[in-house]
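Presented below is the structure to which this report refers.
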Amino acid sequence: MSPRTLIPPDSTVVKAVDLVKDYGAFRAVDGLNFELKAGGVMGFLGPNGAGKSTTLRMLVDLIRPSRGELFLFGLNYRSHRQQILARIGCLIEKPDFYKYLSALQNLELLARASGVKEPRLRSLELMDFVGLNGRENDKVSSFSHGMRQRLGLAQCLLHDPDLVVLDEPGTGLDPQGLIDMREMILNLNREQGKTILLSSHHLSEVEAVATDLVVVDRGRCVVQGSAKALLSQSERQIRITVGRATEALTLLNAGPWAGGGRLNDRGELTMALGREEVPAAVQFLTQNGFEVYAIESRQKLEDYYMNLLNHHQTER
Amino acid sequence: MFGLTRLLFFGFVSFAFISTGQQALAQKSAAAASVSTAASATMDAETLVNRLVQRSASLRDLAAEVQVQADVPRVKIRPLSATMHYLAPDRFHLQSPRLALLPRQNPMELFEFLKRPQGYRGMLMGEDKVGRQSAVQLSLLPTGADQDWQLIRLWVQPTSARILQAEITRRSTGTVQMQYFYRSANPPTDPAGLDLPDSLLFEMDASSLKLPKALTADLHRGSPRDAAKSASRPLQAPDGKARVAMGFRWISKNQGAAARFFKTQKAG
Amino acid sequence: MWWIALRNESVKILAKPRSYLGFLAITLLVGVILLALALDGKSYIEFVTSSLQQSLTVEGSMLNGYLVGFIVLQMLVVHLPLLVALVTGDLVSGEAAMGTLRNLLTRPLSRKGLLLSKYGAAAVYTLVLLLWLGIMAVLVSPWIFGVGDLAVLSNEGLQILPSEEVLPRFLQAFVVAFAALYTVACLSVTLSCFADNSIGPIVGTMATIMVFTLIGTLDVALFDQVRPFLFTTHMAAWRSLFLDPVPWGDILFSMVLLGAHWVLLIGIGLWTFERKDILT
């Protein structure tokens, strides 16, 4: 393993400059720019086909960019591949292991490949960290999906990386598994000081841990910034549970709040309103014969994200 | 050319045993040629057969160190040394750690055959030469109709009744020619004494010799054209003859060594 | 690091049940051949020498352990490429299909180093498989049938080699056979770099061998120039070690040509793997 260098706080761990990846005529990533500072947890979001996985694979050198530059720890893969990979741990897509080997054998093998000095000891330590102690000698083929996800997290920590790239780590986990995964990510970031790049469709999980956000769509960066700042700057979402929601939306769009409302996937009416506008909106609905059952004021990542993508896709 | 090849080939085997004797034989036989020609004129077939029978009659038990070299088209085998045991009438064994190619008939078969004159009748066919030696040619024909052998031709030195060359024709295996070489120029003075050759050269037709094509075809070495070229190019013996030369160093003659050997073998 | 990667590859091959198929197949096939020859070997010898035995007789037993070993080698060297490809064709593409290639390629190990360790592991596997065949052919057969001079049939005819020369020739033949089989291994690992499934490289390797063998066998003048340079033409070069005299020039040419195939195939593999996008 190459010698480790300490990362100064707020130094740039990942910097993507005009990153492009073409698969034949299809452009998966189209001039993507983003930065990740040391010590943060970056939520890497985007709809299916947005180019998230391709970008993450480029980050760990599984895929070579067609154009653009990618710097990790200020270095690029062309000249410092091994030095960079010695500082990155990743769990890309699903955790795949040699099914004919035990969990411990799998970790030991990968630890050796990572240049870990005491592979067995380190593997046992991490099996304990991810809560798989006692299952060391079981074949991976006997593991549930959740256990494999935990083992996947363990394998990416074998060489004590500075940057941990996690692609959908919560896929297939039960609620308790999701909570445990969240706790482990927070532990890695807060207790062990690791920088984390997290891609997930579980927006509530991302919201719980992310300090920074990057949203990509169609291979481009839609927005990047601190999670706190992005969520506070955005308009507050008011969720109104109302009878005949579709008719209510039509009415609102025809009136003073044209374009401000939409129906979410549960059929609820959501509107981007200032706090002072809420009583007027409720009154408008009741006066027009709609029954308002509940009003919820919230600013969740999910709403922010959906709103952002709607706007972006409408603009395009 | 062929004669030279044969001479070289045979010379290899006989070198250890008869190189010096052969020279002496050549010189003496040239001197004796005029005498033997005169003697053959007065000899009839019956007398010659009787003398041959008398010489062969005492053959019972032989042991010899033998050097064998086979020269067979499309067969490559190195010369080898072995021990030979022969017990009359037909027990023959070559004791060798190596594989050996020998004629189907055992080397003493002719002597054994000559012991039983009731099975054949002889006819003198005139004079001939074997190498530079004068000989009379004696043909033996079977008296019975159901014999496998059809004709035996012998070239015999008339004065000593020493067999110089023989040719046996069988229905089953065709014709085998044998040339007899002796270290001593003169046979034993006792007319009943064994006169065994020091070297024997068997020669037989091998033009019909075939090896299975399925096993010889080598898919990976060149094209079938190459294989065909190779198959039509014999390794040795361009005249299509197979030859086996045997050089003997007699260990025991009629002293029971072979009998003891076969007894041990049976017991073993 | 290369040694560590090689060790890892060896651990995987050892743990994979598929790796033992080759050993099992060889054991079974050799068992069948030995049984058949023990029961009916004399007929086999008679068939081979029937023409010879019309006027000559072979003193001593042609059916000995060395001949049986040679027959075993001759029969099984045809099957070994499949057994080799079965494992080596899976070394890259199998991992790609399983998804484990991602784990490996995100380790601080160069792609070249990783792929070379796979070529190294392929060499070790080929060698061990060949050694197993060697043990079965050259140790087990003589143990059952005894030893003696070796009678070998070739295009040149029947050659009988003294028994004391046979073992050294077998050893040299194994070196040449290894060179040929490792070419197959290199081919399948290289094809494996192009694929993301296990079957493709195995089928590809066997198809290549079949096509090249066909080209080598068809008596068409067009192929005459190509034939000496096909690796399949030299797959049985080991048999030349049993000719007398040994055609060292031909064997050297075969070894150089097979070595050139290694270099070419490994070069293609490295070039491809270095640029390969891991999408699985």
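Could you tell me whether any residue of the stretch A:91-102 is in a loop (DSSP other than H, G, I, E, B), in contact with a Pro (Cβ under 8 Å, 6 or more places away or on another chain) and either in the same structural domain as A:Leu203 (by TED's automatic domain parsing) or hydrophobic (A, V, I, L, M, F, W, C) (or both)?
yes
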* Asked: Looking at this structure, is A:Glu118 of a type outside the set (Ser, Thr, Tyr) and modelled with pLDDT of 90 or more?
  -> yes
* To do: Tally the residues that are more than 14 Å from chain C (Cβ to nearest Cβ) and of a type in the set (S, T, N, Q), restricting the search to the stretch B:97-138.
  => 4
* Which condition number does B:Leu99 fail, the rest of (1) in contact with a Leu (Cβ under 7 Å, 6 or more places away or on another chain); (2) surrounded by 19 or more Cβ atoms within 10 Å (Cβ to Cβ); (3) farther than 16 Å from B:Gln265 by Cβ being met? -> (1)
* Asked: Which one of C:Val92, C:Val68, C:Val84, C:Val78 is under 30 Å from A:Leu59 (Cα atoms) and either among the β-branched types (Val, Ile, Thr) or within 14 Å of the chain's Cα centre (by Cα) (or both)?
  -> C:Val92
* Structure fact -> Going through the stretch B:107-136 in order, the residues found to be within 18 Å of B:Arg55 (Cβ to Cβ) and of a type in the set (S, T, N, Q) are B:Gln118, B:Gln133
* Hey, among the residues in the stretch B:86-96 that are part of a loop (DSSP other than H, G, I, E, B) and more than 10 Å from every other protein chain (Cβ to nearest Cβ), which one's surrounded by the most Cβ atoms within 10 Å (Cβ to Cβ)? -> B:Ala88
* **Single condition C:Ile160 does not satisfy, out of (1) out of contact with any helix residue (DSSP H, G or I) (no Cβ under 8 Å at 6 or more places or on another chain); (2) surrounded by fewer than 22 Cβ atoms within 10 Å (Cβ to Cβ)** => (2)
* **Odd one out for B:Thr83, checked against (1) within 9 Å of chain C (Cβ to nearest Cβ); (2) over 15 Å from the mean Cα position of the chain (by Cα)** => (1)
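Please find, within the stretch C:13-23, the residue that is farthest from the other protein chains (Cβ to nearest Cβ) out of those that are without any contact (Cβ under 8 Å) to a residue 24 or more places away in the chain and part of a helix (DSSP H, G or I). If you could, list the steps in order and put the result at the bottom.
First, pick out the residues of the stretch C:13-23 that are without any contact (Cβ under 8 Å) to a residue 24 or more places away in the chain: C:14-15, C:17, C:20.
From the residues that got through so far, the ones that are part of a helix (DSSP H, G or I) too are C:14-15, C:20.
Working: C:Leu14: 10, C:Ala15: 5, C:Tyr20: 11 Å.
Ranking the candidates gives C:Tyr20 first.
Give, as residue ranges, the helices (runs of 4 or more DSSP H) completely inside the stretch C:66-115 that count at least 1 residues that are closer than 23 Å to A:Ser114 by Cβ, out of contact with any Pro (no Cβ under 6 Å at 6 or more places or on another chain) and within 14 Å of chain A (Cβ to nearest Cβ). Lay out the reasoning, then the answer.
On the way: elements: C:80-88, C:93-98, C:100-105.
Result: C:93-98, C:100-105.
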* Inspect all residues belonging to the stretch C:222-234 and state whether any of them is more than 14 Å from chain B (Cβ to nearest Cβ), more than 20 Å from the chain's Cα centre (by Cα) and either within 30 Å of A:Asp22 (Cα to Cα) or surrounded by fewer than 18 Cβ atoms within 10 Å (Cβ to Cβ) (or both). => no
* Cross-chain or 6+ apart pairs with Cβ under 9 Å, the stretch A:69-96 first and within 25 Å of C:Met98 (Cα to Cα) and at the interface with chain C (Cβ under 7 Å from one of its Cβ atoms), then in a helix (DSSP H, G or I) and among the aromatic types (Phe, Trp, Tyr) -> A:Leu85/A:Tyr77
* **Pair list, Cβ < 7 Å and 6+ apart or interchain, from the stretch B:143-154 residues that are assigned to a strand (DSSP E or B) and at pLDDT below 90 to residues that are hydrophobic (A, V, I, L, M, F, W, C) and surrounded by 11 or more Cβ atoms within 10 Å (Cβ to Cβ)** => B:Trp149/B:Ile168
* Among what's in the stretch C:201-221 and is crowded, with 17+ Cβ neighbours inside 10 Å and within 27 Å of C:Ala96 (Cα to Cα), pick the residue that is nearest to the other protein chains (Cβ to nearest Cβ). => C:Ile209
* In this structure, does A:Ala16 turn out to be in contact with a strand residue (DSSP E or B) (Cβ under 6 Å, 6 or more places away or on another chain) and buried (at least 23 other Cβ atoms within 10 Å of the Cβ)? -> yes
* To do: Please go through the stretch C:131-183 and pick out each residue that is part of a helix (DSSP H, G or I) and among the β-branched types (Val, Ile, Thr).
  => C:Ile135, C:Val138, C:Val140, C:Ile144, C:Val166, C:Val175, C:Val176, C:Thr183
* To do: State yes or no: is C:Leu264 assigned to a helix (DSSP H, G or I) and either farther than 21 Å from C:Tyr119 by Cβ or among the β-branched types (Val, Ile, Thr) (or both)?
  => no
* Asked: Are any of the residues in the stretch A:178-198 in a loop (DSSP other than H, G, I, E, B) and modelled with pLDDT under 85?
  -> no
* **C:Thr183, sole failed condition from (1) surrounded by 14 or more Cβ atoms within 10 Å (Cβ to Cβ); (2) within 14 Å of chain B (Cβ to nearest Cβ); (3) farther than 21 Å from C:Gly113 by Cα; (4) of a type outside the set (D, E, K, R)** => (3)
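The values are calculated or read from the model by the stated rules, or taken from the named source; none is laboratory data. This structure is a prediction, so every number in the text was calculated from the model and none was measured. No Cβ is skipped: glycine too gets one built from the backbone with ideal geometry, and neighbour counts run over all protein chains shown.
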